[in-house]
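Shown next, in structure tokens, is the structure this report addresses.
The values are calculated or read from the model by the stated rules, or taken from the named source; none is laboratory data. The structure displayed is predicted, hence computed values, not measured ones. Cβ: placed from backbone, ideal geometry, glycine included. Neighbour counts: every protein chain shown.
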Amino acid sequence: MAVKSDRWIRRMARERGLIEPFVEAQKREGVISFGLSSYGYDMRVGTRFKVSRPGGSGVMDPKQPAAGVFEDVHTDTFLEIPPHAIALGQSVEYFRIPRNVVTAAFGKSTYARCGLVVNITPFEPEWEGFVTLEMSNTTPFPLRVYANEGIAQILFFESDEVCEVSYADRKGKYQGQTAITLGKI
């Protein structure tokens with residue numbers, strides 16, 4: 001299994017719609033960078049979020065997500081995540097993963113240095129959709145996350161053989177998601 005280069009990512013974006021919209025070169029001026037990098041792609045977080053609020057009702061339970069735990073937020077500028085709270089966001093980009101590829105994601109260092117942990121599970125072979133990402137503010141201070149700017153880098157790993165059963169074959173529960181999706185079992 002090998003990590004794929006900018007040339008492979010660019011070709012797959014053009015030929016197979018790997019990433020839409022696709023930004024050919026890294027955008028950096030005045031924003032938290034996003035777009036194609038040497039061996040990955042820096043995805044953006046969009047404008048819609050679900051934010052946990054202190055004093056909200058419910059319990060964090062992966063088997064029975066409580067809608068009362070989260071407040072829906074829409075912003076074109078930035079979101080302030082309360083101290084020690086989490087937020088769910090949605091990627092700007094829609095991803096279509098080939099059958100012989102899996103991804104790994106890492107939060108951007110600009111945010112990590114402010115105490116934000118970004119968690120995104122791997123995109124499995126033949127998964128597609130907008131990404132729901134989890135952001136944890138580990139600090140005792142409110143933390144700003146900027147809409148439509150970089151949030152995480154996605155690395156693409158191509159296997160030398162095709163998997164027997166893909167995410168699409170299993171009819172994965174998060175296949176084709178178009179909105180922020182709470183946990184499902």
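Descriptive notes on the structure:
- Against the test of being outside any strand (DSSP E or B) and out of contact with any Ser or Thr (no Cβ under 9 Å at 6 or more places or on another chain), the options SER136, SER166 yield a single qualifying residue, SER166.
- Within region 34-65, being out of contact with any helix residue (DSSP H, G or I) (no Cβ under 8 Å at 6 or more places or on another chain) and either under 18 Å from PHE106 (Cα atoms) or of a type in the set (Val, Ile, Thr) (or both) holds for PHE34, GLY35, ASP42, MET43, ARG44, VAL45, GLY46, THR47, VAL51.
- Residues that are among the hydrophobic types (A, V, I, L, M, F, W, C) and without any contact (Cβ under 8 Å) to a residue 60 or more places away in the chain were ranked within region 75-95; the one that is farthest from ALA152 (Cα to Cα) is ALA85.
- For region 76-85, the criterion of being over 18 Å from LYS173 (Cβ atoms), surrounded by 15 or more Cβ atoms within 10 Å (Cβ to Cβ), at pLDDT 95 or above and of a type in the set (S, T, N, Q) is met by none of the residues.
- From TYR41, TYR111, residue being within 19 Å of the chain's Cα centre (by Cα), over 26 Å from SER166 (Cβ atoms), in contact (Cβ under 8 Å) with a residue 24 or more places away in the chain and crowded, with 16+ Cβ neighbours inside 10 Å: TYR111
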